[in-house]
1. Using each residue's phi in the range 117-130, evaluate 6.51 cos²θ - 1.76 cosθ + 1.60 at θ = phi - 60° and report the 3J(HN,Hα) Karplus result to the nearest Hz, with x for Gly and Pro.
2. Provide the convex hull volume over Cα atoms per residue for the range 180-232, in Å³.
3. Greater than 20 Å separation of Cα atoms is the criterion. Which listed pairs, LYS34/LYS222; LYS138/LYS222; LYS34/LYS114, meet it?
4. Amide H of VAL63 versus every other amide H placed in the peptide plane: which residues, excluding those fewer than 5 positions away on the same chain, fall under 5 Å?
5. Need the full-extension length gain, GLN172 to ASP211, defined as separation in residues times 0.36 nm minus the C-alpha distance. One decimal, nm.
6. 7 Å from Cα along Cα→Cβ at both ALA159 and ALA179: what's the point-to-point distance in nm?
7. How many angstrom lie between the C-alpha centres of the range 166-186 and the range 27-56?
8. Which value in nm describes the separation of the simple spin-label points at ALA48 and LYS149, placed 7 Å from the Cα toward the beta carbon?
Amino acid sequence: MHDAPRILLLGNSHSEAVRAAVGQNDSVDIHWLKVKDNARFGDLGMEAAETRVQALAPGDCLVLMQLGALHNIFGLLNHEQPFALIDALDCAGAPAQLIPRQAMRAHLAHNITKNRVLSRFARQTSCQVLHCMTPPPKEVLPPPAKSSKAYRGQLIAEAGFSPPPRRLSLWQLEQEVIAEYCTSIGVTLLPPPDGTQTTEGYLHPDFYAADTTHANAAYGAKVLEQIQNHLQGAASASPGDIPHV
């Protein structure tokens, strides 16, 4: 039995904000998961990650930060054919293809549910499993430092960034779908921590990292505090109130 639960966090690039906030806290083990052996980024492969997951005690906590990038993949930059969800007409008068919200929702759900990393890890431990939602989009994005800067194969300077309401709408829809998926596999989704969003729902500027999509160490500290508060709340609940994974 540990004095405090050990936290194993397996994530993507967004986990780096939490790593920057942790410092010398040896009860928190954070890794950028290398889902594929030939992945360009990551410091821990799947086999090594599974070994760490299986070593967790029932009182420990597995935190995942794997899902939540599709809103950027689909909507960070302008498309050759501008689009808007029917409930987010934000194309500023430009001709646009209107996509039913339910059609985009189904597309997001298809891509999210085929990701087996969450369910794979959740099956391998008896401890509590959490998933942290990625930070909401930034309302104001910095211009690319170089004209050759690209995102997902598109030159940012040529395509330009999508309007903020479109990016926010996609993120909100993705969070909704991820919450449903997490519930279906017994994982608790943690939304962005309190105080990190503007009244409109964007990432608050106090938590901007220097690039277009990531949050900073101050945001990572809020996420860590949120995880620890959640664990304290679960520990104080009666055994029958604590969800089983």
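Any read-out appearing in this document is the output of simple, stated calculations on the displayed coordinates, not a laboratory observation. What you see is a predicted model; the values in this text were computed from it and never measured. Using ideal geometry, Cβ is built from the backbone for each residue, glycine included, and neighbour counts are taken over all protein chains shown.
1. Rounded to whole hertz, the list is 5, 4, 5, 5, 6, 4, 6, 9, 9, 9, 7, 5, 10, 10.
2. Dividing the Cα hull volume of the range 180-232 by its residues yields 104 Å³.
3. Values: LYS34/LYS222 25 Å; LYS138/LYS222 17 Å; LYS34/LYS114 17 Å.
Check vs 20 Å cut-off fails for LYS34/LYS222.
4. Amide H neighbours of VAL63, under 5 Å, 5+ apart: LEU8, LEU9, LEU10, LEU130.
5. Contour length minus the Cα-Cα distance gives 12.0 nm.
6. Spacing of the two 7 Å Cα→Cβ label points: 2.8 nm.
7. 24 Å
8. 3.1 nm
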